[in-house]
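Enquirer: Here it is, the structure, as structure tokens.
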Amino acid sequence: MTPPAAASAAAIRTDEPTTDPAAASAAAADAQAPAPTGLPGNGDDDPDERTAAVDPAAQGSARPSPATTARPLSAAASPTGARFTRPGGMFSSLRVRNYRYYFAGQVVSNTGTWMQRIAQDWLVLSLTGSPLAVGITTAMQFLPMLLLGLFGGVLADRMPKRRLLIYTQGAMGLLAAGLAVLTIGGVVTPYYVYAFALLLGLVTVVDNPTRQAFVSEMVGPKDLANAVSLNAANFQTARLVGPAVAGLLIAAVGSGWAFAVNALSFAAVIGGLLAMRQSELRPTAPIAREKGQLREGLRYVKERPELLWPMVLAGFIGTFGFNFPTLLSGFARDTFKVGAGQYGLLNTAMAVGSLAGALLAARRGAPRLRGLVGAALAFGTLEVVAAFAPGYWTFAALLTLIGVFGLSFNTSVNSTLQLATDPEMRGRVMGLLVLVFTGGTPIGAPVVGWVTASYGPRLGLLACGLVSALAAGTVGLVLARSADLKVRVDLHPGRGGRVVAFVPRTRTTVKSELAAAC
């Protein structure tokens, strides 16, 4: 959508003389005027002014004007096809009041979530003594995403996202409370843990794509990439605190109390959602219920390579590369023979790297596809190296680097897909991303768990790293070929040059939007 100022300037050709000096003067003033607030690339971060700029006549309305709904990644909105937004500072999203409430609630809730993850894995390992059982628990939690993930995305497009999140977060809190009662009461069995993991997965089917798509309704396209990165930094900060607290709590009073703390933590995020000013949100109008909406989402992704191939890579990385609950418990118990505290420190070491990766990502604008592929390649390569780590502390140091590149890939693929997607399709696209990234876990976790139990954690991590690195290299080549690009390596690039760069395959190559995004 062309801004009003830009439209008036475009009405008079600058390469032709005008017979009206007053009109020419007005056109020049319009051309030099700052962009309206709230549009990508503008430095203004005041939420009230942004809301007013989106639709001045609709203040207090929950639905934005269709005339102002823009597609951030379209060629019209971004002639370069590459830098679709400009960074406004590492913490620019926090200037938005609603996002601050959401962010604060997530700090508390994410900490509780990480406490439950560690307590759950350690509880199953204590009850069974088998890394395979940990893999089964993880598979049960992510199996619903594999089977129903696309339907969750459709539901996210059909319902108001804020209200839907209040329901899903409340359901997660009740499930954590139920598991706490069983564990503290001493009646928990592995089968109870499997059942609760399955129920949690069913709620996550709806919660995850809704939560991802809700970010753009809080901050808008200009700050979207920054908000995605800060969400990741939030999650990783909780990952620093949660495992350490969980390790101490498990050692002192048992796993059940970690589940109880997690149950209470959901009150913070629900409170943040209730405290938001609805007039400052940018809600996408819910779509009407119709047949074929799921197939429409799949076709939408299939026809756009800048969506399809990042999805494919996310599927491989999520299915095999991110099986850390299974792998780290095996390394802690069998390879390095340490207890719950040291197991928690391994998760903390990886969280330190992930937090660093998130903060670095928050400083830049929308990522390019080559950065996404490069992060995935580095992630897989470091996993291969870590598989041969000679000692506990070397392994922990490598996990920090793995965290940096793993998180960089995670935020890059999330930002890329959200910015490339039309608002009315965002729930379904993010549902598909969650499906491929986490839905493959029911396949990958038991396989990695079996390899770990049969041949040791080192071989399990080696296999995961090889699959991730090979997938990254293959997708990178496919993207380059689809965009009619080739990789140029220059060991002496000179000032401002690059050692590795994507360049047109021939001089006659037309620069497409995909080529620019690479």
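Enquirer: Could you please tell me which pairs satisfy a Cβ distance under 8 Å, a separation of 6+ or placement on different chains, a first residue in the stretch 243-270 that is at positive phi, and a second residue that is in a helix (DSSP H, G or I)?
Expert: GLY254/THR183; GLY254/ILE184
Enquirer: Looking at the stretch 175-185, can you tell me whether even one residue there is in a helix (DSSP H, G or I), of a type in the set (Val, Ile, Thr) and closer than 30 Å to LEU294 by Cβ? Show your work before the answer.
Expert: We begin by selecting, within the stretch 175-185, every residue in a helix (DSSP H, G or I); these are 175-184.
When the remaining residues are screened for being of a type in the set (Val, Ile, Thr), the result is 181, 183-184.
Narrowing further to those that are closer than 30 Å to LEU294 by Cβ: none.
Within the stretch 175-185 (the criterion being in a helix (DSSP H, G or I), of a type in the set (Val, Ile, Thr) and closer than 30 Å to LEU294 by Cβ), the answer is no, since none of the residues qualifies.
Enquirer: Name the residue, out of LEU146, LEU132, LEU127, LEU155, that is open to solvent by 20 Å² or more (accessible area, probe 1.4 Å), out of contact with any Gly (no Cβ under 8 Å at 6 or more places or on another chain) and not β-branched (Val, Ile, Thr). Give the steps one after another, and end with the answer.
Expert: Details: LEU146 fails: out of contact with any Gly (no Cβ under 8 Å at 6 or more places or on another chain); LEU132 fails: out of contact with any Gly (no Cβ under 8 Å at 6 or more places or on another chain); LEU155 fails: out of contact with any Gly (no Cβ under 8 Å at 6 or more places or on another chain).
Every option except LEU127 fails the conditions.
Enquirer: Among the residues that make up the stretch 233-248, is at least one of them assigned to a helix (DSSP H, G or I), open to solvent by 10 Å² or more (accessible area, probe 1.4 Å) and over 29 Å from SER408 (Cα atoms)?
Expert: yes
Enquirer: Out of all the residues in the stretch 415-442, which are touching an Asp or Glu at 6+ places or on another chain (Cβ under 7 Å) and open to solvent by less than 10 Å² (accessible area, probe 1.4 Å)?
Expert: ALA420, GLY427
Enquirer: Moving on to the next point. Taking the stretch 254-273 as the search range and keeping residues that are farther than 18 Å from VAL215 by Cα and either of a type in the set (D, E, K, R) or surrounded by fewer than 24 Cβ atoms within 10 Å (Cβ to Cβ) (or both), which one is farthest from the chain's Cα centre (by Cα)?
Expert: Here the residue is GLY254.
Enquirer: If I filter the stretch 197-213 down to residues being farther than 13 Å from GLY149 by Cα and buried (at least 21 other Cβ atoms within 10 Å of the Cβ), which single residue comes out as farthest from the chain's Cα centre (by Cα)?
Expert: Among them, the one singled out is ALA197.
Enquirer: Among SER216, SER229, which is open to solvent by 10 Å² or more (accessible area, probe 1.4 Å) and of a type in the set (Ser, Thr, Tyr)?
Expert: SER216
Enquirer: Here is a further query. Can you tell me how many residues within the stretch 455-477 are open to solvent by less than 40 Å² (accessible area, probe 1.4 Å) and within 24 Å of the chain's Cα centre (by Cα)?
Expert: Qualifying residue count for the region: 10.
Enquirer: While we're looking at this one, here's another question. Does ALA180 count as over 20 Å from the mean Cα position of the chain (by Cα), under 22 Å from GLY105 (Cα atoms) and buried (at least 19 other Cβ atoms within 10 Å of the Cβ)? So that I can check it myself, show each step before the final result.
Expert: Numbers: over 20 Å from the mean Cα position of the chain (by Cα): yes; under 22 Å from GLY105 (Cα atoms): yes; buried (at least 19 other Cβ atoms within 10 Å of the Cβ): yes.
Spelling it out, ALA180 is indeed over 20 Å from the mean Cα position of the chain (by Cα), under 22 Å from GLY105 (Cα atoms) and buried (at least 19 other Cβ atoms within 10 Å of the Cβ).
Enquirer: Out of the residues in the stretch 376-435 that are not hydroxyl-bearing (Ser, Thr, Tyr) and not in a helix (DSSP H, G or I), state the one that is nearest to the chain's Cα centre (by Cα). If you could, list the steps in order and put the result at the bottom.
Expert: Of all residues in the stretch 376-435, those not hydroxyl-bearing (Ser, Thr, Tyr) come to 376-380, 382-391, 393, 395-399, 401-407, 409-410, 413-414, 417-420, 422-435.
The next check asks that each one be not in a helix (DSSP H, G or I); those that pass are 387-391, 420, 422.
Working: ALA387: 26, PHE388: 29, ALA389: 29, PRO390: 32, GLY391: 32, ALA420: 14, ASP422: 17 Å.
By that ranking, first place goes to ALA420.
Enquirer: Within the stretch 356-370, which residues are under 14 Å from GLY406 (Cβ atoms) and at pLDDT below 80?
Expert: At the first step, the residues of the stretch 356-370 found to be under 14 Å from GLY406 (Cβ atoms) are 356-358, 360-361.
ALA361 - this is the single residue of the stretch 356-370 that is under 14 Å from GLY406 (Cβ atoms) and at pLDDT below 80.
Enquirer: Something else about it: Does the stretch 281-296 contain any residue that is assigned to a helix (DSSP H, G or I) and under 22 Å from the mean Cα position of the chain (by Cα)?
Expert: yes
Enquirer: So which of THR189, THR111 is buried (at least 24 other Cβ atoms within 10 Å of the Cβ) and of a type outside the set (Asp, Glu)?
Expert: Exactly one of THR189, THR111 is buried (at least 24 other Cβ atoms within 10 Å of the Cβ) and of a type outside the set (Asp, Glu), namely THR111.
Enquirer: Please verify whether ALA445 is assigned to a helix (DSSP H, G or I), at pLDDT below 85 and open to solvent by less than 10 Å² (accessible area, probe 1.4 Å), treating the condition exactly as stated.
Expert: Details: assigned to a helix (DSSP H, G or I): yes; at pLDDT below 85: yes; open to solvent by less than 10 Å² (accessible area, probe 1.4 Å): yes.
Yes; evaluated as a whole, the condition is true for this residue.
Enquirer: Continuing with the same structure: Need the failing condition index for GLY344 against (1) open to solvent by less than 40 Å² (accessible area, probe 1.4 Å); (2) closer than 30 Å to THR416 by Cβ; (3) touching a helix residue (DSSP H, G or I) at 6+ places or on another chain (Cβ under 6 Å), just the number.
Expert: In the conditions (1) open to solvent by less than 40 Å² (accessible area, probe 1.4 Å); (2) closer than 30 Å to THR416 by Cβ; (3) touching a helix residue (DSSP H, G or I) at 6+ places or on another chain (Cβ under 6 Å), GLY344 misses (2) alone.
The values are calculated or read from the model by the stated rules, or taken from the named source; none is laboratory data. Computed from a predicted structure; not experimentally measured. Note: ideal-geometry Cβ built from the backbone for every residue, glycine included; neighbour counts use all protein chains shown. Accessible surface is based on the protein model in full, side chains and every heavy atom, while ligands, DNA and RNA are left aside. Shrake-Rupley method; radii C 1.70, N 1.55, O 1.52, S 1.80 Å.
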